[in-house]
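*Asks:* The structure's right below; bear with me while I get my questions together.
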Amino acid sequence: MARVVSVNISEMKGVLKHPVQRIELKPGWGIVGDAHAGNWHRQISLLAEESIDTMRAMGLEHLRPGAFAENINTEGIALKDLPVGARLRVGECLLEVTQIGKECHNDGCAIQKATGHCVMPTEGIFAIVVEGGFVQANDRIAVCEA
């Protein structure tokens, strides 16, 4: 079963996201209270724990949720294999995948500079909020049929 491991926000851009008990998702906006919310195509970022484990195996054992600026950490779903346009039911919310990966800032993030590799550019995904509500750890995740 695919599930949410952690939900994370940052109130200001340029700082690491930190875990919170739950997040409120607003259609067409993103996460209420998150600095990256807005009317654009990257309202929510998701990263699989399996991807983070790759980085832990490279010597970064103490990575915590939000270290890659992701809003939702997942388990049991191959996020990087989802196509743009895929829809995910995350708890009571509906998300639509809008982008796979992204470029790291300033010639590489701190993680890329430390290890020579970062998973967010190739394995993180971005989505918009189609149906809002609340999401918290242990909520189920399901890919919706088109």
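*Asks:* Tell me, which residue of region 100-132 that is surrounded by fewer than 17 Cβ atoms within 10 Å (Cβ to Cβ) and modelled with pLDDT of 60 or more is farthest from Ala37 (Cα to Cα)?
*Replies:* Checking each candidate, the answer is Thr122.
*Asks:* Hey, could you check region 1-56 for residues that are open to solvent by 70 Å² or more (accessible area, probe 1.4 Å) and in a strand (DSSP E or B) and say which is nearest to Phe134 (Cα to Cα)?
*Replies:* Within region 1-56, the match that is nearest to Phe134 (Cα to Cα) is Glu24.
*Asks:* If Glu92 meets every condition in (1) at pLDDT below 75; (2) touching a strand residue (DSSP E or B) at 6+ places or on another chain (Cβ under 7 Å) apart from one, which number is that one?
*Replies:* With (1) at pLDDT below 75; (2) touching a strand residue (DSSP E or B) at 6+ places or on another chain (Cβ under 7 Å) applied to Glu92, the lone miss is (1).
The values are calculated or read from the model by the stated rules, or taken from the named source; none is laboratory data. On a predicted model such as this, the values are computed, not experimentally measured, just so you know. Heads up, the Cβs are rebuilt from the backbone with ideal geometry, glycines too, and the neighbour counts pull from every protein chain shown. All accessible areas refer to the heavy atoms of the entire protein, side chains included, with ligands and DNA or RNA removed. Shrake-Rupley method; radii C 1.70, N 1.55, O 1.52, S 1.80 Å.
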